[in-house]
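Notes follow the structure.
The values are calculated or read from the model by the stated rules, or taken from the named source; none is laboratory data. Note that the structure is a prediction, hence the values are computed from the model and not measured. Cβ placement follows ideal geometry from the backbone for every residue including glycine, while neighbour counts extend to all protein chains displayed. Note: areas computed on protein heavy atoms with side chains; ligands, DNA, RNA excluded. Shrake-Rupley method; radii C 1.70, N 1.55, O 1.52, S 1.80 Å.
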Amino acid sequence: MVSTTTADTRKTADSRRTADTRRTAKAPRRRGERSRLASVALHVSLIIASVIAVFPPLWLLITSFKPKTDAFDTSLVKDFTLGNYSHVINDTDFPSWLQNSLVVVGLSTVIGVFISATTGYAVSRFRFPGMRPLMWLLLLTQMFPVAVLIVPLYNLLAKLGLLNQPVGLVVTYLTVAVPFCAWMMKGYFDGIPVEIDEAGRVDGLNPFGTFWRLILPLAKPGLAVTAFYTFITGWAEVAYASAFMTGEENLTLSGGLQTFVNQYTSDWGSLTAAAVIIAAPAAVVFGLVQRHLVSGLTAGATKS
C-alpha cells in the first residue's frame, strides 16, 4: 500500500509539472518583452550606428598624424609624425585664435549663465506685466536661421562700433544662447518647491538673496547644461565668427580653421591637427558636466 501511494504521488507531481511546463510554453509574451530576433537586430543596429558615429572623428585623429602627402591615403598611419601639430602651433596664428576664443567663450559662458539663470528664475517665480510676451519673444528668437540674422546683426554691430571686437562676438553669442537657456532654466526652477523661497523670506532674505543662497545651489544640473550649451555655442560657431571678425590675428578658432583649406590652398594635415586640438577642450568640458546633463535637460518634464 505504501509503495502504491508513493507511486501515485509521483505520478501526480509529474503530471502537474508537465502541465505547468505546457502552460508556461503557451503563455503569451509580456508587453515590452522583445523576441530573440528583435534583440539581435537591435544590437546590430546599435553597433552599426556606433561605428558610423565614431568613424569620422577617429579618422580625423588618424589623419592628423600622417604626413601632408598621405592625407588622402586610406591606409592607417605609415609614417607617424607630429609635424602637423608643430606647424599649427609654431608657424600659424593658432595661439592668437586660441586666446581670442578663450576670451570670447569665457565671457559668453559666464554672462550667459547669469542672465539665463536670473531670467528663468524671474519668469518662474514672479508674475509681472509683459511676462508672457517676454517668453514668446525668447521663443521667437530661436526661429530665425543664422543666414537671415547675419546682415541685421552686422549692421547693428557696425553702428555700435563693435565689428572686429571680441565684445561684439560675445553679444552675438548671447543672443543665440540666452533665449534657449532661459526657457530651460525656467523649467528647472519650476521643479524646485516654492516653499524654499517662502522659508528664505521668513528668514529675512530678499528675492535676490533667496535666489543666490537657496535656489541657485539646488540648480547645479541646470546651470551645468546652460554653461555647456553656451560654451559649445561660442566654441564651435563659424558663421558669425567669420562675418564679424577680419584679419587672421583677430579670428577665433572656428574661423581660423577656414584658412587652412580655401580656394587657394588645401593643407588637410594642419586642418585635422587644429581640429583635434580644438575638440580637446570641448571634450574636457563635456566630461566635467556630463553627470548633470541628463537631469538638467529633463528638468521640468514632471511636476512635483
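Yes or no, residue by residue, for (1) open to solvent by 30 Å² or more (accessible area, probe 1.4 Å); (2) over 14 Å from residue 267 (Cα atoms):
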{"residue": "59", "(1), (2)": "yes, yes"}
{"residue": "66", "(1), (2)": "no, no"}
{"residue": "70", "(1), (2)": "yes, no"}
{"residue": "73", "(1), (2)": "yes, yes"}
{"residue": "81", "(1), (2)": "yes, yes"}
{"residue": "100", "(1), (2)": "yes, yes"}
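Among the residues of the range 102-135, those identified as over 25 Å from residue 278 (Cβ atoms), among the aliphatic types (A, V, I, L, M) and crowded, with 17+ Cβ neighbours inside 10 Å are 115, 117, 122, 123.
Considered as a group, the residues in the range 229-246 that are in contact (Cβ under 8 Å) with a residue 40 or more places away in the chain and not hydrophobic (A, V, I, L, M, F, W, C) include one that is farthest from residue 289 (Cα to Cα), and that residue is 246.
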